[in-house]
Amino acid sequence: MPPKPQNPRKAKLFSSRTIRTQTNDPSVKEGLLDIHEYVASREFEIRSMELSQINTKNALSTRVFQNLPRVLRRRTASHNVKRIPKRLRAKALREMQNSVNGVPARKPHLRGRELHRVKMQIKMLKLSRSIKELGSLPKVDGVTKKEKLAALNKQVRELSKTKRRALNNGVGAYDNSSEGKLAEKPKGNIRYSHRQKDYVWLPTHVWHAKRFHMMKNWGFQIPMSPNQKCFRATSRAAKLTCLAYETSYFGELIVQCLSRDKLEDLVLTFSKYESPLPPWILNGSRVYDDWIYCDGKKVCVGSLVVNPEKFDVMIRVHASIYEEFFHQVLQWAAGDVKVIDTRFALGSIQVYGPTALHLLSKVLHLEDVSSTTQQAWKLCSQANDAQNIPLGTAFSFFVKDPRFWKHPVSPPYLKGDINDILMQRKSFLDAGALDALLLSEGRTDSYKDMFSLKQLGKQFSLHDDASPKVHGSSKFPVLIYKLKDGAWCINMPWFWVVPLWSKLVQVKSIKIGGSRQLHQVNFENGLPTFPNDYPFLPEGYKMYLLRQKAADLAREKLPASKRTPLDIEGPLKSGCDWFFLRKWIFGLSIVDKSRKGPDFGEFAGDTTRKIKSPDDLAKVIADSRDLDGGLNMCAPLPIIPFSKSDPVHVAIAAGTFKPDITKFPALPVVQVQVELTGKGSLSDNSRVYEDVGDAKLINLIGFVTTGSFNLNQGGPSGIAVISAHYQGKKVKIRNVACTNFYSGKITKI
C-alpha cells in the first residue's frame, strides 16, 4: 500500500518542534571548555530553540472566538467581547490588541467614485433618519443616487412645513394593511430596500441571517435551518423543553362581518363544519384550527379566530396559498363586508414543547387584564405539561414592552387547579386587546412612544444598575392559541415581533428552529406538513415539481463518477413520480400483467404503439410526459384525495372501475404513516409496493413524501401517499437507486 499522506496540522506541529543543531565545536581545546567560545559557537542552536518554542506556541494556540461553545458560534465572528462568556473576555481583549495575531490592518481609504458613493449613501441614511423623526416613512423615487437624494430632500422640506405627524414613534413603526386589496410590500430600511424588492424580510431577518440558512420562497426570506447541527437537539427540545420559530410569513386577513348571519355564513363557507355550527366558534371561547375549504375542496390547514362582540374574524393560512385565498374571500364578500389584508401588519411566533407556556410567561408581563383571564393564564403557564391543555384554547391581553426588563423573570406561583378553569369553558379573550389587535387604529396606538434601542439604553443608564427594569408606557396586544399540531401561536403587531423575540431567545431552555425543524417535529409526531406532504393539493404538487427540478439541476452539476445511478429505476423519475403512478395503475387494469412483451414493439400505423404488456405501457407513459405536461405546474393534478362520497373513487377503491384508455381520471390517494417492521432505512421519495414475495414495478402503489430516522420511535418511519385501491396493512419499501426491499406497516392518517 502507498503511504498515507501526512496530516498538514501534524506536519506543521512536527516542523515547529524540530531544533536544528550544529556539530562543529571549536570551544573545546585540550579538555578545557571556553565559555565565551562555547556560547558563540552555540548561538545558532540557542536561537533555533527559542524560535522553535515560539513556533510551537503559535502552532497550538487558538483564539477565544475559536473555542466558543456550539450555541455561541457564528458564521461570521465579531470583535464584540460581549458576545463571549465573561471568563474569556480579558483574553479576547489581549488577543485583539495589535500584535502578531492581532486585528488585521485597516483597509485603505476609499477614493474616487467609491468614496463618492459611500458619502452619498451616508447622506441618504441621514435624510431617512430625519424623515422618520418627522413622523413619516422615506419614499425613494429615481434611478441614480442623485435623483434619490433629491427626492429625500424634497420630502424633508414638505414634512418640515406641515404640522401633522403621520407616525406616533421615532422608530418607523406603522400599520401596513389594506382594505379590499393586497397590501404593498414593506420596504424596510432604505439601505436594504433593493434586497427586499421581490422577497420580503421577516421582522427578525437580521437576527436569523447571522445564524441560519435562509430560503427564498412564497415572497419571503424564511429561516430554513440553523448553521450548526441540530437534528437531535431539536427532537430533545420538542420532548423536554421548548422549541421556538418565527412564522410571520404566514398570512392573516381580517373579515368584518358586521352581523351574526354573515359571520355564520363565513364560517360555514370556509370551515369543515355544517349548520348548526358549534357554539365555541361563534362565542370565541376556542379557536378553529383545521382544514380551510374553498368551493367545497380542501385548500390548506388554517386558523379562524372570532371576535364575538364585533363579529370580526381573523383567518390565518400558509403563505403559499394566501394570495389565492384572499381573492376567494373577496369574491365571497361581494362588497357587503370589509376584507382587510394584514399580512404585513400582524406577525407571529410559534412555540412548541411541554414547557412552552412556562418559558413564554417569563417575557410576557400582563397589563390591564381581567382577573379571570390573568388567573387562567398563570395556571396554564405553570402547568407541568402544556400538551395536556385542549386544542383551540386561546388567550388575549395587553403586555408591556419586554425590553423594559433586563432579564427574563419567572412569574410568582399561583395556587389553583387548571382543570377547574378549563372545565368552565369560558372565553379568555380580553375584548379590548382583541379589538386593538384586529383594528388598524389599535395596532397604530400600540406603537405610540415605542422605544428605540438608543432610548432604551439611555433609560437603563439613568437607573440604578441593581434595578431589574425601567418604566415606560408602551404596551401591545397579543393573541395566544393552541394549534392542531400542539404548538402555541402568538400573534402581535408586526413591529413588536423583534422586541418579543429578542427577549425570548434569552431564555436558556428555548431552542430556536426554522421551517425544517417545524417539518421535523411534525414528522416525528406522525403528522404531515403543509405543503411538503400534500402532493394531492395544488400547492403541494407545485412544491414537488420545484424540488424535482432542483434535484435534477444539482445532479447535472455533479461529475459522472459522483452521480447516483438511476438505471435501476427504469421509467421512474428520481423523485415521487405521480404522473407515472396514475397512468401506470389505470393502465395495468387493461393489459395482461402476466404477459412478457417481445423484444420489439408493435405499432398500429406509423407512430401508435400497441399496448399488450407492462413494458409497452411503461414506454407509452414515458413518451407522453412532454405531451401531457408531466412537469408542468399548469397541468391538472394527477392525484386527488380519496372521497367516500364520489362514486368513481369508491369504484376505483373496490377494483371495479373500468377506465377509458383515451382519458384517465385523477388517481384517488390516501395519506398513511409508514413504519419499518425490521431492519432497514427510509428516505424521501422511497417507493412503496404491495406486500408480495418478489415486489416488482407492477406492484407499485405510492411514494414516501417524508422519510428518515424517527428519534421518537427509535427507528425509521415516514409519511407516504398511496393509491386508494390498496387495502392491505403491510407493504414493501425500496429507497431510490437501491435494490433492497424492506418490510413495513402502514397506518392511515
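Computed values, structure above
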{"quantity": "Loop-resident sites, region 325-414, for trypsin sites (Lys or Arg not before Pro), counting at most 16 other Cβ within 10 Å (DSSP)", "calculated": "Lys406"}
{"quantity": "Proportion of all alpha-carbon pairs of region 210-337 beyond 24 Å (%)", "calculated": "41"}
{"quantity": "Residue-averaged 222 nm ellipticity for the chain, from DSSP H runs of 4+ at -39500 (n - 2.57), nearest 500", "calculated": "-9500 deg cm²/dmol"}
{"quantity": "5 angstrom amide H check on Ile510, placed H, neighbours 5+ away", "calculated": "none"}
{"quantity": "Cα centroid separation, region 547-593 to region 654-690 (Å)", "calculated": "15"}
{"quantity": "For mean projected area of the Cα convex hull in nm², calculated from these coordinates, the label among (1) 32.4; (2) 48.2; (3) 51.6", "calculated": "(3)"}
{"quantity": "Cα radius of gyration and Dmax for region 245-524 (Å)", "calculated": "18.9, 62"}
{"quantity": "Gain on full stretching of the segment that runs from Tyr413 to Thr656 - 0.36 nm per residue minus C-alpha separation", "calculated": "81.1 nm"}
{"quantity": "Coordinate range along principal axes, alpha carbons of region 297-450, Å, largest first", "calculated": "51, 40, 29"}
{"quantity": "Cut-off under 5 Å, modelled amide H: who pairs with Cys294 long-range", "calculated": "Val299"}
{"quantity": "Loop sites in region 445-543: trypsin sites (Lys or Arg not before Pro), DSSP, at most 12 other Cβ within 10 Å", "calculated": "Lys508"}
{"quantity": "Amide H within-cut-off set for Ile701, under 5 Å, with H built and near neighbours excluded", "calculated": "Val688, Tyr689, Glu690"}
{"quantity": "Sorted by Cβ neighbour density within 10 Å, fewest at the top, the residues Val704, Val648, Val498, Val363", "calculated": "Val648, Val498, Val363, Val704"}
{"quantity": "Between region 211-278 and region 472-524, the alpha-carbon center distance in angstrom", "calculated": "11"}
{"quantity": "Trypsin sites (Lys or Arg not before Pro) restricted to region 664-725 and DSSP loop, no more than 13 other C-beta within 10 Å", "calculated": "Lys679, Lys696"}
{"quantity": "Label-point separation, Arg113 to Val71 (7 Å along Cα→Cβ), nm", "calculated": "4.9"}
{"quantity": "Mean shadow area of region 389-500 over all directions, Cα convex hull, nm²", "calculated": "8.7"}
{"quantity": "Contour excess over end-to-end distance, with Cα ends at Lys310 and Arg260 and 0.36 nm allotted per residue", "calculated": "17.1 nm"}
{"quantity": "Exposed-loop-free span, longest in the chain, where GluC sites (Glu not before Pro) count as exposed if DSSP calls them loop and at most 13 other C-beta atoms lie within 10 Å", "calculated": "310-601"}
{"quantity": "Given 11 as the ceiling on other Cβ atoms within 10 Å, longest exposed-site-free region of the chain for chymotrypsin sites (Phe, Trp or Tyr not before Pro) in DSSP loops", "calculated": "1-412"}
{"quantity": "Under the span-like rule (Cα at least 18 Å along the axis, Kyte-Doolittle mean at least -1.0), DSSP H helices of the chain", "calculated": "43-60, 112-133"}
{"quantity": "Unit Cα scatterers, Debye sum, region 614-749: log10 I(q)/I(0) for q = 0.09, 0.12, 0.18, 0.22 Å⁻¹", "calculated": "-0.30, -0.53, -1.13, -1.40"}
{"quantity": "Spin-label pair Ser193/Asp336, simplified geometry with 7 Å Cα→Cβ offset, distance in nm", "calculated": "4.2"}
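Quick note: the coordinates plus some simple rules give every number you see, no bench work behind them. Here the structure is a predicted model, which means the values were calculated and not measured. Virtual Cβ from ideal backbone geometry, glycine too; neighbours counted across all protein chains shown.
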